[in-house]
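Notes follow once the structure below has been shown.
Throughout, read-outs are computed from the coordinates displayed, never taken from laboratory work. Model, not experiment: these values are computed from the prediction. We place every Cβ from the backbone using ideal geometry, glycine too, and count neighbours over all the protein chains shown.
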Amino acid sequence: MDGALHCRRASVPEGPIDIAVLASGSGTNLQAMIDNPAVRPHISLVLSDRSGALALDRAGAAGIPSQVVAWSDHADRDSFSVAVADNVEASGAKGVILAGFMRVLAPSFLDRFPDRVLNIHPSLLPAFPGAHAVEQALAHGVKVTGVTVHFVDEQVDDGPIVAQIAVRVLADDTVESLHARIQVEEHVLYPAVAEAFIEGRLMVEGRDVVWR
Ligand code: GRF
């Protein structure tokens, strides 16, 4: 049997899709996407759970529509996730890029965007999932850590891995210095993955992601 039949296409085949970028903080990964001419025209929305997020200012400066969906305005994770999904859909986006988005979305969100949600994480997954990856890598004494872009599934920092870059840990590294070098790699890797995602060139095949 043709192996390709087992692939799930992670994007539409007919042409490029638009994406929504979800960010809670400074939005340097968002900025890297804004600065990529193949990605920028396909960002239909920047959405944050925090009204003060610098990412919103970056969207405004680039002329990209932005939206706040505040966690505190919702009774639970499900209703928050429905509100986020409604805004993403209303923008016309067919894919979602999490870029420092500090809320875990409900499974119902993933049902609305199957194989269409990407995340970036500052470690070589499956090592050091969770919110303190850089601190934990340093505390563990690893000599190499890095960055992972992966599709999102129902577990935190768990889904099929799209791409990774290794970053050497230096003897005198602090959390800040190591995270800064990881971010340099993030800003190269994430726009490149986003471009392939937008163009429908990423296929999910079980745990594997195939680039076309
Ligand atoms: C990045 O380090 C990313 O790996 C993690 O959150 C951080 C977001 O940084 N998920 P920024 O807001 O894009 O600067």
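Quick notes
- Residue of S177, S51, S91 that the Gaussian network model of the chain assigns the largest fluctuation, springs spanning Cα pairs under 10 Å: S177
- Counted as membrane-span-like here are DSSP H helices of the chain whose alpha-carbon atoms extend 24 Å or more along the helix's own axis and whose Kyte-Doolittle mean is -0.5 or above; these are 175-198.
- Projected area, mean over directions - segment 19-211, Cα convex hull, nm²: 10.4
- Within segment 19-211: Cβ-based charge dipole about Cα centre, in debye rounded to nearest 20 (Lys, Arg +1; Asp, Glu -1): 320
- Solution diffusion estimate, µm²/s, Stokes-Einstein, segment 36-146, Kirkwood Rh from C-alpha pairs, 25 °C, viscosity 0.890 mPa s: 157
- Net charge of Cβ neighbours under 12 Å - reference W71; Lys, Arg +1; Asp, Glu -1: 0
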